[in-house]
Amino acid sequence: MSIEKARNHLAAYGMENRIMEFDVSSATVELAAIAVGVEGARICKTLSFKDPDGGCILIQTAGDSRIDNSKFKKFFGFKAKMLPFDEVEALTGHEPGGVCAFGADHDLARIYCDVSLKRFETVFPACGSDNSAIEMTCDELFKVSEALEWIDVSKLPDGE
């Protein structure tokens, strides 16, 4: 089960007891924000993209941000293409709605944190299921997700 994979990963950092599980879905930014009780921007969504090398790229970004295609292409050298639904679990280790970097197979996934998250003291990524989350600082997220680096490949809603 994906949440167990995330729980085992977080246990290596002493954070497994911080996982929150809900009686309601947290599969989207909007649902997660309601379940957690915060603004949607503080939900850390993990987006999965096809990597031309056969794996995937996971980008952890703020709930209100969108991928900026030109920034993505400039950084990675190819056009952003989301993983097809039927490939998400095989390449990320988690089902859609619960995708996170915790427990991801580093032979298949390259993991990054987007600077859009740095606006917040704490954020709430999923923990491998469509009804879970964990609160952590951005520094904790970077360390625990074993991200390669902070990148800037997103854009915020107009006016921010």
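The values are calculated or read from the model by the stated rules, or taken from the named source; none is laboratory data. In this text the structure is predicted, and so the values were computed from the model without any measurement. Cβ coordinates were reconstructed from backbone atoms using ideal geometry, including for glycine residues, and neighbour counts include every protein chain displayed. For accessibility, only protein heavy atoms count, side chains too; no ligands or nucleic acids. Shrake-Rupley method; radii C 1.70, N 1.55, O 1.52, S 1.80 Å.
Given the pairs LYS79/LYS118; LYS5/LYS155; LYS50/LYS155; LYS118/LYS155, which are separated by over 22 angstrom at their Cα positions? Correct reply: LYS79/LYS118; LYS5/LYS155. The overall shape of the stretch 14-77 is prolate: from the C-alpha gyration tensor, with semi-axes ordered a ≥ b ≥ c, the ratio a/c is 1.5 or greater and a/b exceeds b/c.
Rolling a 1.4 Å probe across all protein chains gives ILE19 an accessible area of roughly 20 Å². By accessible area, using a 1.4 Å probe on protein heavy atoms only, the chain has 48% of its surface on carbon and sulfur. Using the alpha-carbon centroid of each, what span in Å lies between the stretch 119-160 and the stretch 50-80? Between the Cα centre of the stretch 119-160 and that of the stretch 50-80, the gap is 15 Å. If you take the charge dipole of the stretch 12-148 about its Cα centre, with +1 on Lys and Arg Cβ and -1 on Asp and Glu Cβ, which of LEU108, LEU141, PRO52 is farthest toward its positive end? Positive-most Cα among the choices belongs to PRO52. Site pair ALA90 and LYS155 shows an inter-label distance of 3.3 nm when each label is modelled 7 Å from Cα along Cα→Cβ.
Any idea what the relative contact order of the chain is, in percent, if you count C-alpha pairs under 8 Å spaced at least 6 apart? Result for the chain is 30 percent.
Taking only DSSP H segments of four or more residues, each worth -39500 (n - 2.57), what value at 222 nm results for the chain once the sum is divided by all its residues, to the nearest 500 deg cm²/dmol? Calculated mean residue ellipticity at 222 nm is -7000 deg cm²/dmol.
Per residue, the accessible area of the stretch 79-160 comes to 47 Å² when a 1.4 Å probe rolls over the protein heavy atoms.
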